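To start, the structure under review is shown below, and the notes come after it.
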Amino acid sequence: MRRLPATTLYYGLNFGLRIPTWVVMAVYLVRELHLSPLQLVLMGTAMEAAVFLFEVPTGVVADTYSRRLSLIIGYLGMGAAWVAVGVVSAPWLIIAFWAAWGLFYTFTSGAYQAWITDEVGVERVSTIFLRGARVGQAGAVIGLALQVAVGTASLRAGVILGGATTIACGLACIVLMPETGFRRRPRAERGSALTEMRATGVAGARYAWAAPVILLLVGVDFFMGMSSEAFDRLKEAHFLRDVGLPAVGNLSPVLWFGIFWLAGMVLGFAGTTWLIGRFGRGGRRVVTSSLLVLTVLQLAAMLVFALTGNTWVAIAALLGVFFARDLGWPLYTIWLNEQITDSSVRATVLSISGQADAIGQAGGGPVLGWLGNAWGIRAALAAGAVAIAPALGLYARAIAHEGREPELEELPIPAAVN
């Protein structure tokens, strides 16, 4: 079968990979399996611990052997782990399978962005990232409607459907994914597999260390990861146990959460469309200034969400967090990706950023979960919001540094270690 153009497949994957929604999974975990706040956070912490351990090694695999192969392994494994969570009921098994999901996710983190960048070129990829984010939001809307419809009849079936969709994406990559931009070193120039991976890993780490803006952005990911763990795992429980859902009609929690996520996706779609226009006119300055503003918005919205007792104010704050994240993620990816001018270490450097996020989540998650058990979910959410503050300072330093930083093309690229 003829392989698809890279941009077509990239948009298709962005659509399909957003179909699995955390909404049905979250309600399933809280309402059907009755996981405690600590168990919910430990589930995320186990996943992030797996990401921490394997993020860079799997990024090295993508840079050394094949971005396409790395993505196929990742999507098939992520889908299988998601399905397994929908099949079992014991909390320890749920935590273990979610850790497995984190392991397979690392095969895609960094490799996905590196693959499309190599296929289309650095000069075109920034706009493709933004358009891909918009296509992903459309896929999330379809996935939300589909999984909520299934979830109202059976939450377990809704979870399994999400995993099956990711498996389908992996199978599509086997048949349709091109890989023309990536070149392995000729066989005569290669060492052993371990030597090749070690050389790539060391080169990627040295490249990141030589670029101050990359280091600052990696630091941002650490604090954003620390902040996100409580919000990601406890927001549904906060509505169900503390704030309550709107007393309008007789809608089930899964339908209410579906409505919230749908509203967030519509806002994200509109915001991304606006950003694409701004980026075309303002370039890099739009990326950096918008990221700073969106991070302030995320901190403020998370704090309001944690402290308010009003249902409608909590919903507005929730949508504010969704909006800031939906627009901030592609902008962060653009900024970081543009700092990496050596394609041979691109996936490794992007994975270092992902590892920083995992360290933040794995380190902060248990502490925030303990706060939730000891002083309530509000305390854990508020502490998570405050953890964003250092990221603002790092963003400001990165913006200031860019004005006086030498061109990345002039940075020395470390020689391979044999």
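The values are calculated or read from the model by the stated rules, or taken from the named source; none is laboratory data. For clarity, every value in this text was computed on a predicted model and none was experimentally measured. Note: ideal-geometry Cβ built from the backbone for every residue, glycine included; neighbour counts use all protein chains shown. For the accessible areas, the whole protein counts, side chains as well, though only heavy atoms, and no ligand, DNA or RNA atoms are used. Shrake-Rupley method; radii C 1.70, N 1.55, O 1.52, S 1.80 Å.
Solvent-accessible area assigned to carbon and sulfur over the chain amounts to 67 percent, based on a 1.4 Å probe. Comparing L17, T45, S70 along the charge dipole axis of the stretch 12-78, the residue lying farthest to the positive side is L17, per the Cβ-charge model. The angle between the Cα long axis of helix 37-64 and the longest principal axis of the Cα atoms of the chain comes to about 10 degrees, rounded to the nearest 10.
Annotation: per residue accessible area for the stretch 239-318 equals 47 Å², rounded to a whole number [probe 1.4 Å, protein chains only]. The angle between the Cα long axis of helix 155-176 and the main principal axis of the chain comes to about 20°, on a 0 to 90 degree scale.
In terms of its C-alpha gyration tensor, the stretch 14-94 has a prolate overall shape, because the principal axis ratio a/c (a ≥ b ≥ c, square roots of the eigenvalues) is not below 1.5 and a/b outweighs b/c.
Would the stretch 1-53 count as rounded, prolate or oblate if I go by the C-alpha gyration tensor, calling it rounded below 1.5 in a/c and otherwise prolate when a/b exceeds b/c, oblate otherwise? Verdict is oblate for the stretch 1-53. Rounded to the nearest Hz, the phi-derived 3J(HN,Hα) couplings of the stretch 208-216 under the Karplus curve 6.51 cos²θ - 1.76 cosθ + 1.60 (θ = phi - 60°) are 4, 5, 7, 10, x, 5, 4, 4, 5, where x marks glycine and proline.
Rounded if a/c is under 1.5, else prolate if a/b is larger than b/c, else oblate: which is the stretch 206-276, with a ≥ b ≥ c the root eigenvalues of its Cα gyration tensor?
In terms of gyration-tensor shape, oblate.
Using a probe of 1.4 angstrom and keeping all protein chains present, the accessible surface of the stretch 5-159 works out to 32 square angstrom per residue.
Phi angles of the stretch 328-333 translate, via the Karplus equation with coefficients 6.51, -1.76, 1.60 and θ = phi - 60°, into HN-Hα couplings of x, 4, x, 5, 4, 4 Hz per residue; Gly and Pro are given as x. Here the Karplus relation 6.51 cos²θ - 1.76 cosθ + 1.60, evaluated at θ = phi - 60°, turns the backbone of the stretch 306-315 into coupling constants of 5, 9, 6, x, 8, 4, 5, 5, 4, 5 Hz, with x for every Gly and Pro.
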